[in-house]
1. Could you tell me which residue of the range 1-21 is surrounded by the fewest Cβ atoms within 10 Å (Cβ to Cβ), considering only residues that are small (Gly, Ala, Ser) and assigned to a strand (DSSP E or B)?
2. Tally time: how many residues in the range 77-108 are among the polar types (S, T, N, Q), surrounded by 10 or more Cβ atoms within 10 Å (Cβ to Cβ) and under 25 Å from PHE3 (Cα atoms)?
3. Would you point out which residue out of LYS92, LYS48 is at positive phi, of a type outside the set (S, T, N, Q), modelled with pLDDT of 85 or more and over 21 Å from the mean Cα position of the chain (by Cα)?
4. Based on this model, can you work out whether GLY24 counts as part of a loop (DSSP other than H, G, I, E, B) and of a type in the set (Gly, Ala, Ser)?
5. Which numbered condition in (1) on the phi < 0 side of the Ramachandran plot; (2) at pLDDT 85 or above is the only one that GLY24 fails?
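The values are calculated or read from the model by the stated rules, or taken from the named source; none is laboratory data. For clarity, every value in this text was computed on a predicted model and none was experimentally measured. Quick reminder, even Gly has a Cβ in these numbers, built from the backbone with ideal geometry, and neighbours come from all protein chains shown.
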Amino acid sequence: MTFGGWAQGWVQKFRVESKVTRPGEPEPIEVIAGSDGNIVYLVDSKDKKVHADMDPAVLGAKMRFTRQSMMTYFANPEAFADEKKSESKELKGPTKVGDEECNELHIGRAGNAG
């Protein structure tokens, strides 16, 4: 998945290739979708068709899988604005998440929310 550009509350350019297996279903759903900032497309590899339009609705029900595959928060120019205004911020130091060493950050919000 790659994406970039932000306008009208959404990523403008993207390409997603993913396989999603829903609970209780044996076969994964393949999703190949993207946009060049103007045309949105969906590749239906099962039926060997490409659906393209200026309207993102062309993604149909697979729009949900496309959005879930993206971490659009990181493309948003206002990302982490709330966290930056928090009452307290504390770097706790390195923490293992699986095999990855990560920095643990604690954010204190008003009323102990979040």
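1. Among residues in the range 1-21 that are small (Gly, Ala, Ser) and assigned to a strand (DSSP E or B), the one surrounded by the fewest Cβ atoms within 10 Å (Cβ to Cβ) is ALA7.
2. Total meeting the criteria: 0.
3. Exactly one of LYS92, LYS48 is at positive phi, of a type outside the set (S, T, N, Q), modelled with pLDDT of 85 or more and over 21 Å from the mean Cα position of the chain (by Cα), namely LYS48.
4. Against the criterion (part of a loop (DSSP other than H, G, I, E, B) and of a type in the set (Gly, Ala, Ser)), GLY24 qualifies.
5. (1)
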